[in-house]
Structure formats: structure tokens, C-alpha cells
Amino acid sequence: MWLVPATQFANMAWMGLMLLGFLFRGLGPNFINIAIGVFSVLTLFQIVTLPVELDASRRAKIQLERLGLVGPAEREPVRRVLSAAAMTYVAAMVTGILQLLQLLLIARDDRR
């Protein structure tokens, strides 16, 4: 939980750093590499928290049944909805990895 504020800041900062990198190319610090480093931290955070998120959906199914909030007829639809919710985290992680790859390729082309 202590990483959440840092990741929220990084989520806003990486794009501004990337823009500075394109605007001030060759002047001062290499903002593009700094932006990629910041985005890498965000991507790593998504990868690390993915098992927690998947487990939360699994535990939610069990808890809903245990509390009697889900009847037998609702079990399958609830399972599908919670599984779909968990898959949004997988999709976000895959998107983050692909976006990081794109940023690395942009930086590599920028150095040529």
C-alpha cells in the first residue's frame, strides 16, 4: 500500500517527462530515458500486484457464497463476472508491457 502514492505520481509524471524528452532532445538530462524508467516501475508494480488481484477475485467468490449472498442459481454468473473483473488486471498488465516495449523502441529510434 505504501507504493500506491508513488505509482499514482509516476502514472502522471512519465508522460510529461517523455514530452520534455522530445522537446529538449539533446539538451540536459535525457528525459526520455527517465520517462521509460518511471514507466518501467509502473509496469513492474502491475506485474507484482497481479497475483494479489487474481486472488482477491477468487476470495470474493468464496466469501459471497459463505455469507449466503449468492444463491445456487447465481453462482455461475457471479463466477463469470468476477473472473472477467480479474482479467481486466491481466489486460492492463499486458498493455503496460507492450507500451513499455513501444517506448523502448521509440527511444532506440530517437538515438539514431
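The values are calculated or read from the model by the stated rules, or taken from the named source; none is laboratory data. Small disclaimer: the values here were computed from a predicted structure and weren't measured. Because the Cβ atoms are built from the backbone with ideal geometry, glycine has one as well, and the counts that use them run over all protein chains shown.
Structural remarks
- Test for TRP2: is it aromatic (Phe, Trp, Tyr), part of a loop (DSSP other than H, G, I, E, B) and at pLDDT below 90: yes
- Output for region 51-61, where each listed residue is surrounded by 16 or more Cβ atoms within 10 Å (Cβ to Cβ) and either in contact (Cβ under 8 Å) with a residue 40 or more places away in the chain or among the acidic types (Asp, Glu) (or both): GLU53
- Here is the figure for region 62-112: residues that are farther than 30 Å from ILE32 by Cα and in contact (Cβ under 8 Å) with a residue 24 or more places away in the chain total 4.
- Residue that is surrounded by the most Cβ atoms within 10 Å (Cβ to Cβ), among those in region 83-97 that are over 16 Å from ASN11 (Cβ atoms) and aliphatic (A, V, I, L, M): ALA86
- Those residues of region 10-64 which are farther than 30 Å from VAL81 by Cβ and of a type in the set (Gly, Ala, Ser), in sequence order: ALA10, ALA13, GLY16, GLY21, GLY26, GLY28, ALA35, GLY37, SER40
- Filtered by the rule that a residue be more than 14 Å from ILE106 (Cα to Cα) and modelled with pLDDT of 80 or more, region 24-46 gives VAL38, SER40, VAL41, LEU42, THR43, LEU44, PHE45, GLN46.
- For beta carbons closer than 7 Å, sequence separation of 6+ or different chains, a first residue in region 29-47 that is on the phi < 0 side of the Ramachandran plot and a second that is not in a helix (DSSP H, G or I), the qualifying pairs are PHE31/PHE24; PHE45/LEU3.
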